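Chemist: Questions regarding the structure given below will be posed in turn.
Every read-out reported here was derived from the displayed coordinates using simple, explicitly stated rules and does not represent laboratory data. Keep in mind that what you see is a predicted model, and the values were worked out from it rather than measured. Positions of Cβ are backbone-derived with ideal geometry, glycine not excepted, and every protein chain shown enters the neighbour counts.
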Amino acid sequence: MADERGTRGLSPLEKEIYGWQIPVTAFGVEGQERLKGASVLVSRCGGLGGVVAYELAAAGVGRLILAHAGNVKPSDLNRQLLMTRDWIGKPRIDSIRRRLLELNPDLEIHGVAENISPENANQLVSEADLIVDAAPLFEERYALNEAAVRQRKPMVECAVYELEAHLTTILPGESACLRCLYPDPSTSWTRRFPIFGAVSGSLGGMAALEAIKVIAGFGQPLVGRLLTYDLKDFSFRTLRVRRNVDCSTCGTT
């Protein structure tokens, strides 16, 4: 999955920065080099995707492709940790870039001041080794799903609502895609919904780790499984999910 950036190996400084994670069982220097050589597309870097991007930057992923439109609003600040109060009224993507580069100056960022749509999904997916879908609207999520299935790119799919969270990893041709899981979503779903930032943060860390496992090739990603949890009572469930042979997106892949 890594490209030529990963063939240069790790510098002495990188070995020191990532010295706490390199010894993780089955990860090692090879896993760290794979992260360095990888490109990850994150759709929306708000409360959920922003934490994903931050954790991937901290872990040493070499390149992030980040799609997020609009300017920072006061209502972003309860959960969007890459936004700051002094940036209200300015482009979100610029705040995202500056905050991530403060953490990891070696990170390569392709920032796109747009949300995912059928018009840009194919191009952005083509630039990535892996996709993380943290978009709130099904129109965006379906566009990413279709592009990922078409291009055979793995996609980590995550969503939150109130105190609930859902997470799965899609491997096109092997596991259920987003359309298999949600063939007919509610038409009443809107961009704004009730949420605590701590819920987004909890799932963002898990989604980032799913991406890391797929890129580095270790652990057991949630392929064919859907993790759901409710932080009202800290109940967790893992459900088996299967491809729908009649799925309009992946049924014939």
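Chemist: Is any helix in the chain, taking whole DSSP H runs, at least 20 angstrom long along its axis by alpha carbon and on average at least 0.0 on the Kyte-Doolittle scale, and which ones? Could the numbers behind the result be given before it?
Modeler: Details: long enough: 197-216 (28 Å, 1.27).
Those that pass (Cα extent of 20 Å or more, hydropathy at least 0.0) are 197-216.
Chemist: Which is the longest part of the chain that has none of the chymotrypsin sites (Phe, Trp or Tyr not before Pro) sitting in a DSSP loop with at most 10 other Cβ atoms within 10 Å?
Modeler: Numbers: sites that count: TRP20, PHE234.
Longest gap between qualifying sites, sites excluded: 21-233.
Chemist: Hey, in the GNM for the chain with a 10 angstrom Cα cutoff, which one of GLU164, GLU146, GLU16 fluctuates hardest?
Modeler: With Cα springs under 10 Å in the chain, the top fluctuation among GLU164, GLU146, GLU16 is at GLU16.
Chemist: Would you mind ranking ASP129, ASP233 by Cβ crowding within 10 Å, fewest neighbours first?
Modeler: Numbers: ASP129 21, ASP233 7.
Ordered by Cβ neighbours within 10 Å, fewest first: ASP233, ASP129.
Chemist: Then there's this: Fewest Cβ neighbours within 10 Å first, please rank MET206, MET83 accordingly. List each step's numbers first, then the result.
Modeler: Working: MET206 19, MET83 24.
Lowest count first: MET206, MET83.
Chemist: Also, I was wondering about something else. What trypsin sites (Lys or Arg not before Pro) does region 214-253 have in DSSP loop regions with at most 10 other beta carbons within 10 Å? Walk me through the intermediate numbers first.
Modeler: Values: sites: ARG225, LYS232, ARG237, ARG240, ARG242, ARG243; in loops: LYS232, ARG242, ARG243.
Here the sparse-neighbourhood loop sites are LYS232, ARG242.
Chemist: Determine the shape class of region 97-173: with a ≥ b ≥ c the square roots of the Cα gyration tensor eigenvalues, call it rounded for a/c under 1.5, and otherwise prolate if a/b is greater than b/c, oblate otherwise. Can you show the working numbers first?
Modeler: Numbers: a/c = 1.62, a/b = 1.20, b/c = 1.34.
Verdict is oblate for region 97-173.
Chemist: Rounded, prolate or oblate, given the Cα gyration tensor of the chain, with a/c below 1.5 counting as rounded? Could the numbers behind the result be given before it?
Modeler: Working: a/c = 1.42, a/b = 1.11, b/c = 1.27.
In terms of gyration-tensor shape, rounded.
Chemist: Fewest to most neighbouring Cβ within 10 Å: what's the order for VAL199, VAL61? Display every interim value, and only then the final one.
Modeler: Working: VAL199 22, VAL61 26.
With the fewest neighbours first, VAL199, VAL61 line up as VAL199, VAL61.
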